Amino acid sequence: MINQHGQNRNPEEVQAIANSFNSSNNASFRELILIGPGHAHVLLLRKFGDNPLGNVHVTLISDVEHAAYSGMLPGHISGIYTRDEMMIDLRRLCHFAGARFIHSEARGIDLKRKQILVDFNPPTLTADAVSINVGGTSCVAGVAGAEAWAIPSKPVPELLSGWARVEAAAHSKQSLRIVVVGGGAGGVELALAMHSRLGDNGAFTVIHAGSHLLPGYHPRTRRIAAEVLGIRKVSVITDRRVVEVMPDSVRLDTGKTIAADFVFWAAQAAPPAWLAESGLETTIEGFVRVTPTLQTISHHWIFAAGDVAAIENRRLPKSGVFAVRMAKPLERNLRAYFAGAPLGAYKTQRHSLSLIGTADGRAIASYGPLAGHSALFWRLKDWIDRRFMKQFTGLTR
Ligand SMILES: Cc1cc2nc3c(=O)[nH]c(=O)nc-3n(C[C@H](O)[C@H](O)[C@H](O)COP(=O)(O)OP(=O)(O)OC[C@H]3O[C@@H](n4cnc5c(N)ncnc54)[C@H](O)[C@@H]3O)c2cc1C
């Protein structure tokens, strides 16, 4: 059997999956299907490993075998963390959780039949409840040449292979001109992380469509970020859109071109189109509309968490931190859902601590109007991120 990556599946694996589907015909068991190995789902599976969901078969559908932890991604690029340190082995996690792992891409949901459409054999999986945590992908739609020439920051494997190309080019070329499109926290961290690796061998420009970097952050945090970028000689262009990406430059909406050997696309990620195409209620941008219980507003048997979820009347930043925070209410509510008990609302705090690594042994801490930049904040971020990953290392059953 060939999976969507063109890899052969060994016959024992095919048989094991087929057997697990047969055993799931047991009527007393119900089916929970998790789509995507986002931050909320990996934590959920970790919890199910400690405290299984009684009488429920759990299946994870994932298009990758290892899920990247976003908190460590810039640190990996800057050389602080190895690939293994920031990756979660999903087969091992599912084994620990007693869940089935299906390495495939979900392509849609048949809402009437309660079936997930997958690129797999069998091509549909029937569920009693579904949870979606698929994040987003870099949205380059409508920008000429971007698909061909820009390196997306999401999905992570494409970002990492793009970065590998930059590193290879840095060996043979004197100075690389690198443009990062998008001045949110991801774009700023990415630019600084790459800068710390290339040093004087790279000339960086961050281009941001809004009037300030770090939208959603307090002006104090933005000022610190602007200072750091200035000291590191990263040029910043605000209030400008990139309208075309060419092999050696980008063109702005003013018509001006900026030379670029590599262009990284870190503007806000877009949700997958199949969510809206399946008939789920979505926002204009295509994010799944959910109630504070994380149930989709159109179908109460479908939950969503992380970047892909848009909670009614709340505007949460799209960040790994919030995807992580949604794990607890998601777990609580899935347990309640299967037990027929009342579900509870995910309560968001007014302010939350955000730590932005600056790849110089320091991090910017931002909490509402409070902001600072220090080595202590980096140590705190490193401690939080390593503690997160520790939950997924050495899992055995
Ligand atoms: C360069 C960069 C740095 C960042 N740094 C930080 C940071 O330091 N801290 C922070 O909080 N946030 C950071 N972010 C933001 C963060 O990456 C995202 O907000 C976060 O990953 C969203 O988590 P999630 O759980 O929603 O989904 P994701 O982490 O995106 O995970 C979704 C998973 O689902 C898989 N998937 C997608 N579609 C399908 C499908 N159809 N079927 C099966 N599987 C599928 C994907 O391959 C992926 O593995 C950064 C982003 C970028 C680009």
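Throughout, read-outs are computed from the coordinates displayed, never taken from laboratory work. This one's a predicted model, so the numbers in the text were calculated from it and none came from an experiment. Cβ coordinates were reconstructed from backbone atoms using ideal geometry, including for glycine residues, and neighbour counts include every protein chain displayed.
Taking amide H positions as placed in the peptide plane 1.01 Å from N, state which residues far from Ile311 in sequence (5 or more) or on other chains have amide H under 5 Å from it.
Excluding prolines and chain starts, which carry no amide H, the hits are Val290, Leu316.
Show the residues, 5+ positions off or on another chain, whose built amide H is closer than 5 Å to the amide H of Ala270.
Thr137, Ser138, Cys139
Mind listing the phi-derived Karplus ³J(HN,Hα) values for segment 126-137, rounded to whole Hz, using 6.51, -1.76 and 1.60 with θ = phi - 60°, and x for any glycine or proline?
Rounded to whole hertz, the list is 8, 10, 8, 9, 10, 10, 10, 8, 9, x, x, 10.
What distance in nm separates the simple spin-label points at Thr257 and Arg289, each placed 7 Å from Cα in the Cβ direction?
Between Thr257 and Arg289, the label points sit 4.4 nm apart.
For segment 140-154, in order, what is each residue's ³J(HN,Hα) by Karplus, 6.51 cos²θ - 1.76 cosθ + 1.60 with θ = phi - 60°, in whole Hz (x at glycine and Pro)?
Calculated HN-Hα couplings, in order: 10, 4, x, 9, 4, x, 5, 4, 7, 10, 8, 9, x, 7, 9 Hz.
Taking R0 as 41 Å, what's the FRET efficiency between Gln391 and Arg241 from their Cβ-Cβ distance, rounded to 0.05?
Efficiency, from the Cβ-Cβ distance: 0.55.
When Lys and Arg each count +1 and Asp and Glu each count -1, what net charge do the other residues less than 12 Å away from Arg165, Cβ to Cβ, add up to?
-2
Using only Cα atoms, tell me the angle between helix 327-339 and the longest principal axis of the chain; keep it within 0 to 90° and round to the nearest 10.
20
So, by mean Cβ neighbours within 10 angstrom, what's the order for 372-382, 61-71, 168-178 with the highest one leading?
Highest-to-lowest ranking by the protection proxy: 61-71, 372-382, 168-178.
For segment 138-268, what are Rg and Dmax over the alpha carbons, in angstrom?
13.7, 41
Residue by residue through segment 197-210, what is 3J(HN,Hα) from phi via Karplus (6.51 cos²θ - 1.76 cosθ + 1.60, θ = phi - 60°)? Round to whole Hz and write x for glycine and proline.
Result, ordered by residue: 7, 8, x, 6, 7, x, 10, 10, 10, 9, 10, 10, 6, x Hz.
Return the long-range amide H neighbours of Ser249 (sequence gap of 5 or more, or a different chain), with a cut-off of under 5 Å between placed amide H atoms.
Amide H neighbours of Ser249: Ala260.
Run through the DSSP bridge list for segment 138-268 and note the antiparallel percent, rounded to the nearest 5.
Taking every DSSP beta bridge with both residues in segment 138-268, the antiparallel ones total about 30 percent.
Show that you can apply the helix-only estimate: for the chain, add -39,500 (n - 2.57) for every DSSP H stretch of four or more residues, divide by all residues, and state [θ] at 222 nm to the nearest 500.
Computed ellipticity for the chain at 222 nm equals -9500 deg cm²/dmol.
I want the antiparallel fraction of DSSP beta bridges within the chain, as a percent rounded to 5.
45
Hull surface divided by four, with the convex hull built on the Cα atoms of segment 244-397: how many nm²?
Averaged projected area of segment 244-397's Cα convex hull equals 14.5 nm².
Using a 10 angstrom cutoff on alpha carbons, build the Gaussian network for the chain and name the most mobile of Val236, Val206, Val180.
Answer for the Gaussian network model of the chain: Val236.
Only Cα pairs under 8 Å and at least 6 apart count here; give the relative contact order of the chain as a rounded whole percent.
About 17 percent, as a whole number.
Round to a whole angstrom and tell me the spacing of the C-alpha centers of segment 233-311 and segment 93-162.
Taking the Cα centre of each part, segment 233-311 and segment 93-162 sit 15 Å apart.
How many times 2.2 N^0.38 Å is the alpha carbon radius of gyration of the chain?
After normalising by residue count via 2.2 N^0.38 Å, the value is 1.01.
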